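Some notes on the structure that comes next.
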Amino acid sequence: MRPIVSFDLDGTIVDFIHGFTTLANQHYGIPILSGSQQSDWNLDVAFGLSENQSSHIWGNIIEDRRFWAELPLMVTQVEMDRIVRMSEEFDTYFVTMRTGLAVKDQSEEWLRSCGIKNPSVIVSRGGRVKGLISKAIGATHFLEDNVEVVQAILEQSPGTDAALIERPYNRYGRDFGLRFVKTVDSFLDDVYASVESQSVES
């Protein structure tokens, strides 16, 4: 069986935190950081924002028709190029919980700018819904940064090999015995290894 591969976007291959803290810097003088510097899943805690400040930033994001389309990579260019090549070999989906104006269109524009010709983006309205999406598309592999989402995928789509990309804010997932990969390259290697394994068995 050919693999069907799914990727989360923000925190996995896209540096949402750079965009978020850029806005926070413009409005409140918060330092501009990258996703690798995010220490806590709760952004207010991670960056010392008040609830009102955080709501204001999110309001700007939701009303911006370009925010999601212009975020930087969180992976290396070599890793992104491998994702592009994988998308040409196997069915590849990008499943996101983004919110705002034209979220799907912005996300697809971003992926096209990276070289993916016909990106398949699915907008999920909730973390646990990603488990149902994984089952519906028959995902064999799923890369995420959210512990609760991986738990939902394993529960609702047991045939999916779901892994967490290691980040400072999700290491508690080890307490639940979840599988981690240190890099996107490692995850891609696992996908190709599964194909080779099936070829040998057949």
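The values are calculated or read from the model by the stated rules, or taken from the named source; none is laboratory data. Everything numeric here is computed off the predicted structure, so don't read it as measured data. When we count neighbours, we look across all protein chains shown, and the Cβ atoms used for this are built from the backbone with ideal geometry, even at glycine.
Only one of these is assigned to a helix (DSSP H, G or I) and within 23 Å of Ser113 (Cβ to Cβ): Ile61, Ile57. Name it.
The conditions single out Ile61.
In segment 85-96, which residues are under 18 Å from Ile133 (Cα atoms) and surrounded by fewer than 20 Cβ atoms within 10 Å (Cβ to Cβ)?
Phe90, Asp91, Tyr93
Identify all residues within segment 161-170 that are touching a Leu at 6+ places or on another chain (Cβ under 9 Å) and either part of a helix (DSSP H, G or I) or touching a residue at least 40 places away in the same chain (Cβ under 8 Å) (or both); write none if there are none.
Hits for segment 161-170 are Ile165, Asn170.
Anything in segment 171-202 that is among the aliphatic types (A, V, I, L, M), within 15 Å of Phe7 (Cβ to Cβ) and free of Cβ contacts under 8 Å to residues at least 40 places away in the same chain? List them, or say none.
Selection gives Val181 alone.
Please work out which one of (1) of a type outside the set (Lys, Arg); (2) in contact (Cβ under 8 Å) with a residue 60 or more places away in the chain; (3) surrounded by fewer than 21 Cβ atoms within 10 Å (Cβ to Cβ); (4) not in a loop (DSSP other than H, G, I, E, B) is the condition Ser6 fails and give its number.
(3)
Looking at the structure I just gave you, is Arg82 assigned by TED's automatic domain parsing to the domain that holds Ser186, surrounded by fewer than 16 Cβ atoms within 10 Å (Cβ to Cβ), in a helix (DSSP H, G or I) and at pLDDT 95 or above?
So Arg82 fails the test.
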